[in-house]
Amino acid sequence: MKQNHTLYFRLNRLFYTCLLLLLLACNGKKQEPATGQVIVFRDDLGRELKLQHQPKRVMAFSPAMTEMLFAICDTATIIARTPQCDYPTQVVTKPIVSNYPVDYEQVLALKPDLIFSSEGIVPMEVVEKLKELGVPVYIQKYRTVEDVFKGMEAIGKIMGREQQANHLADSLRQQVKQLEQRHKGQARPQQVLAITWTDPIYVYGQNTILTDKLHILGAQNAVQEVFDQPYPALTREYILKLNPNVLLGGSPEKLEQTFFSQYPELRKIKAYQNHRIYAVTGNLMERPGPRVVESILELERLLYP
Amino acid sequence: MSRTLYFIVALLLILIVLVLGLQVGSFDTGLASIADAFFNYNPDNTIHYAIVHLRLPRLLLALVVGASLAFCGYLMQAMVNNALADPYLLGTASGASLGAVLVFFGFVDVAIAGFYMPPVFALLGAFIVTLVVVRLGYRKRQLIPAQLLLAGVAISSLATAIVGLLTFLSDSEGKLKAVIFWSMGSFERASWSLLPYPAAALILALILFAFLQKQLNILLLGADRAQALGVQVVKTRWAILATVSVVTGFAVATSGPIGFVGLIVPHVTRALMGTTGKSNLLFCAFTGGLFMLLCDLLSRVIYPPAGLPIGIITSFFGVPFFVYLLSRKNYKFSS
């Protein structure tokens, strides 16, 4: 399988090299149409990226970013997806590139002008290696919902689709504003704890985008303390002390099986006593993309039934 | 005389660390509220509840698991007559990890009939791997220690490789975290319903070997001489094997494979009490429990609230002490 892959790639490269030589031989003059038009910009990590021309072939290393590209770019410019990318539906027509571990050969075979990613998806070591191979990686990071909108606008600018991007970002901003209006000034904001794993217990920390989503809805992330990790591990005692009103992370039946049967002590928390335990759609909760408002609306339905 | 003193010091230290440990947690609690929780227990008071149902079982589990691992390490070192032996020699640790990881990766339901499966499968994994290792180390109706050692290393590597493969193929971060937990250990899932299993296994083993300590000491002279001196070498070895696999199995299934304790505490014991002390096993268990309590306390103080994985702490604080011990001139493994 791998062998075939490599062989295919080599033949491919050979073919393209020949083609290139042929082209060079035919019209040596037409080569440098856009010299002096180097595009320079910075990503959210402050890294400087240089492009010879506006990117025409792009892909993303995260499902959320793929959703962003589909919402903003001409779909013909999106040349690949990762194994986790499953939205929007037309994404399935794109070839799959492994992002863990990164399939360098496949990336080179597809020759993207630029790869979009967000913080923490691929190690920086991989990013550097791709840069050496001539494929720059643009990385965004989001702490708030507004960061996601800004990210959309940045993608629009890079891809020459500013109008689409700004229009999308503005209409989403409008929806967020309405949500904020609706839930402004809650007398006693609901304390929400969202778990990502039950053994050990990992939760959405203060420095995740969930905190801002809840804030928009007039509620609070029960975890107020800021930990180094975005998803800190907590003890049962810590959760007893938080005593959240709402627990997110699985249906009551599922959490009864995997969580409360293992930690019966946690049946004391308000969320359990008042039956306020909900499952959220993983794809919405976890992806900072164009469906971020959809995710907030889902949370709204759960928090204000 | 000095041996009795060591015992008293160890017991006192255990008590002190227990009291200190009861005060560490997310709720602010001083000695007064701890005393209050025990003498005026009010189930509706969350602080009381946390002290009695979360902190105390956690400390006791650390004590029991530390004691179990140290005790089993001592037995294994005596059986294979090798200073490098530890309780995981029979593949218990990697077998348990494999069992638990299989559950986390969805090969088995997480809960069957209301029972949470990872510890159950960890125990099963530990036993199955141990059985295979023992089978390989058994030849001509004899247990051959060298063969047992090699079989243990080989089968452990295989189990570790399978865990590695599953980890690599995992599709979610949560699963990775679960694997990390299972490779370094934690006492966070301690509860009154879990505690009796490892505790009962340890206490029964301590009673059994109270009668076998002498045999064990003679075994250090080598199998042939021990046989000549009237020790039933084969039976003693089987007793050790069975005990180690059960006691370590329960310890690992409840807390994950915590390294190093089973290796160094037996050496500490021999350094302090002599290689053939009459109550070495008991002292070894106390010291192991004390060491684990200290490590757990440290892990929670350094990195609240969840604590660093306990295996990291045991190595960090155990290794320097071990090196010091090795550099002492008068320490010898066997007499």
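Determine the alpha carbon to alpha carbon distance for each of A:K141/A:K270; A:K270/B:K177; B:K140/B:K278; A:K50/A:K141; A:K56/A:K111 and list only those over 22 Å.
Working: A:K141/A:K270 34 Å; A:K270/B:K177 27 Å; B:K140/B:K278 33 Å; A:K50/A:K141 19 Å; A:K56/A:K111 10 Å.
As for pairs spanning more than 22 Å Cα to Cα, those are A:K141/A:K270; A:K270/B:K177; B:K140/B:K278.
How big is the charge dipole of chain B about its Cα centre, in debye rounded to the nearest 20, if each Lys and Arg gets +1 on its Cβ and each Asp and Glu gets -1 on its Cβ? If you can, show how the numbers build up before the last one.
Working: 20 positive and 10 negative charges, 305 e Å.
For this selection, approximately 1460 debye.
Once you order the gyration tensor axes a ≥ b ≥ c over the Cα atoms, which shape class does region A:187-303 get: rounded for a/c under 1.5, otherwise prolate or oblate by comparing a/b with b/c? Could you put the intermediate results ahead of the total?
Working: a/c = 1.44, a/b = 1.36, b/c = 1.06.
Rounded, because the longest to shortest axis ratio a/c is under 1.5.
Treating the protein assembly as shown as a set of equal point scatterers at the Cα positions, no solvent, please give the Debye-formula log₁₀ I(q)/I(0) at q = 0.06, 0.10 Å⁻¹.
-0.45, -0.99
Grab the beta carbon distance between B:L204 and A:Y304, set R0 = 41 Å, and tell me the FRET efficiency rounded to 0.05.
0.15
What is chain B's relative contact order, in percent, from Cα pairs under 8 angstrom and six or more apart in sequence? Write out the running numbers ahead of the final one.
Working: 510 pairs, mean separation 93.4, N = 335.
Taking the mean separation of contacting Cα pairs over the length of chain B, I get 28 percent.
Just grab the label-to-label distance for A:T93 and A:D228, each label 7 Å out from Cα along the Cβ direction, in nm (one decimal).
With each label placed 7 Å out from Cα toward Cβ, I get 4.7 nm.
Using only the Cα atoms of region B:51-148, each taken as one equal point scatterer with no solvent, compute I(q) by the Debye sum, divide by I(0), and report log10 of the ratio at q = 0.15, 0.20 Å⁻¹.
-0.77, -1.05
Along each of its three principal axes, how wide is the spread of alpha-carbon positions in region A:39-145, in whole angstrom units, largest first?
Extents along the principal axes: 35, 33, 27 Å.
For B:K235, go through the aspartates and glutamates and keep the ones whose alpha-carbon is under 18 Å away, minus same-chain ones fewer than eight residues off.
Of all the aspartates and glutamates, those that pass the test against B:K235 - Cα under 18 Å, at least 8 places apart if same chain - are B:D224.
For region A:187-303, what does the relative contact order come out to in percent, with C-alpha contacts under 8 Å and a separation of six or more?
Values: 178 pairs, mean separation 29.9, N = 117.
Relative CO of region A:187-303 lands at 26 percent.
Using a 10 angstrom Cβ neighbour count of at most 14 plus a DSSP loop assignment to flag exposed trypsin sites (Lys or Arg not before Pro), which longest range of chain B is free of such sites? If you can, show how the numbers build up before the last one.
On the way: sites that count: B:K140, B:R141, B:K278, B:R328, B:K329, B:K332.
Longest run free of exposed loop sites: B:1-139.
At R0 = 45 Å, how high is the FRET efficiency between B:F317 and A:T281 if r is their beta carbon distance? Nearest 0.05 is fine. Don't jump to the answer; show the numbers that get you there.
Details: r = 45 Å, r/R0 = 1.00.
The value I calculate is 0.50.
List every DSSP H helix in chain A whose Cα atoms extend 15 Å or more along the helix's own long axis and whose mean Kyte-Doolittle hydropathy is at least -1.0.
On the way: long enough: A:2-26 (36 Å, 0.64); A:145-159 (22 Å, 0.45); A:162-182 (30 Å, -1.56); A:292-303 (16 Å, 1.03).
Qualifying helices, which must be both long enough and hydrophobic enough, are A:2-26, A:145-159, A:292-303.
Evaluate peptide A:108-116: per residue, the Cβ atoms of other protein chains within 10 Å of its Cβ; return the mean as an integer.
Details: counts 0, 0, 0, 0, 0, 0, 0, 0, 0.
Mean shielding by partner chains, rounded to a whole number: 0.
Test of understanding: express the Cα radius of gyration of region B:191-335 as a ratio to 2.2 N^0.38 Å, with N the residue count. Before the final figure, lay out the partial values.
Working: Rg = 16.8 Å, N = 145, 2.2 N^0.38 = 14.6 Å.
That works out to 1.15 for region B:191-335.
Give me the number: length gained by fully extending A:A76 to A:N243, i.e. 0.36 nm times residue separation minus the C-alpha to C-alpha distance, one decimal in nm.
Working: separation 167, 0.36 × 167 = 60.12 nm, distance 4.97 nm.
Working it through step by step, the gained length comes to 55.2 nm.
Scan chain B and note any complete DSSP helix (H) whose C-alpha atoms cover at least 27 Å along its axis and whose Kyte-Doolittle average is 1.0 or more.
B:2-22, B:56-80, B:117-136, B:145-169, B:233-255, B:280-302
Shape verdict for region B:55-99, please, from the Cα gyration tensor: rounded (a/c under 1.5), prolate (a/b greater than b/c) or oblate. Can you show the working numbers first?
Working: a/c = 4.29, a/b = 1.49, b/c = 2.88.
Because a/c hits 1.5 or more and a/b fails to exceed b/c, region B:55-99 counts as oblate.
Using only Cα atoms, locate the centre of region A:199-255 and the centre of region A:121-190, then give the distance between them in Å, rounded to an integer.
With region A:199-255 and region A:121-190 each reduced to a Cα centre, they are spaced 23 Å.
State whether region B:139-268 is rounded, prolate or oblate according to the following rule on the C-alpha gyration tensor (a ≥ b ≥ c being the square roots of its eigenvalues): a/c under 1.5 gives rounded; otherwise a/b larger than b/c gives prolate, and the remaining case gives oblate.
Working: a/c = 2.90, a/b = 1.64, b/c = 1.76.
The shape class here is oblate.
Can you show me the helix-derived [θ] at 222 nm for chain A, built from DSSP H runs with n ≥ 4 at -39,500 (n - 2.57) apiece and divided by the number of residues, rounded to the nearest 500.
-12500 deg cm²/dmol
I want to check the label-to-label distance for A:K111 and B:V120. Put each point 7 Å from Cα in the C-beta direction and report it in nm to one decimal.
5.8
Looking at chain A from every direction and averaging, what is the projected area of its Cα convex hull in nm²? Write out the running numbers ahead of the final one.
Working: hull surface 76.1 nm².
Mean projected area for chain A: 19.0 nm², to one decimal.
If you find the alpha carbon centre of region B:9-44 and of region A:263-280, how far apart are they in angstrom?
After rounding, the separation between the Cα centres reads 27 Å.
How many partner chain Cβ atoms sit within 10 Å of a residue's Cβ in peptide A:251-258, on average, as a whole number? Intermediate results must be reported in sequence, preceding the final value.
Details: counts 0, 0, 0, 2, 0, 2, 6, 5.
For this peptide, the per-residue mean of nearby foreign Cβ atoms is 2.
Any idea how far apart A:I39 and A:Y100 come out in nm if each label point goes 7 Å out from Cα toward Cβ?
3.0
With unit charges on the beta carbons (Lys and Arg positive, Asp and Glu negative) and the dipole taken about the Cα centre of the protein assembly as shown, which residue among B:G288, A:Y138, A:P101 sits farthest to the positive side?
Farthest towards the positive pole: B:G288.
Rounded to the nearest 0.05, what FRET efficiency is calculated for A:Q178 and B:A154 with R0 set to 60 Å and r the Cβ-Cβ distance?
Numbers: r = 65 Å, r/R0 = 1.08.
Here the calculated transfer efficiency is 0.40.
Give A:K131/A:K157; A:K150/A:K254; A:K177/B:K175; A:K129/A:K177 a once-over and call out the pairs whose C-alpha atoms are over 30 Å from each other.
Working: A:K131/A:K157 21 Å; A:K150/A:K254 37 Å; A:K177/B:K175 37 Å; A:K129/A:K177 41 Å.
Long pairs (Cα-Cα over 30 Å): A:K150/A:K254; A:K177/B:K175; A:K129/A:K177.
At a threshold of 8 angstrom on Cα-Cα distance, excluding pairs fewer than six apart, so keeping six or more, what relative contact order does chain A reach in percent?
Values: 446 pairs, mean separation 40.8, N = 305.
About 13 percent, as a whole number.
Have a look at B:A226, A:L45, B:T4 and report the one farthest towards the positive end of the charge dipole of the protein assembly as shown, computed about the Cα centre with Cβ charges (Lys/Arg +1, Asp/Glu -1).
B:A226
Of all DSSP beta bridges located in the protein assembly as shown, what percent are antiparallel, nearest 5?
On the way: 13 of 29 bridges.
Within the protein assembly as shown, antiparallel bridges account for around 45 percent of the total.
Given the options A:T66, A:T235, A:T144, state which has the largest fluctuation in a GNM of chain A using a 10 Å cut-off (strictly under) for Cα springs.
Of A:T66, A:T235, A:T144, the most mobile in the Gaussian network model is A:T235.
Every number here is computed from the coordinates shown, using simple stated rules; none is lab data. The structure presented is a predicted model; accordingly, all values stated were derived computationally and were not measured. Note that we place each Cβ from the backbone using ideal geometry, even for glycine, and neighbour counts take in every protein chain shown.
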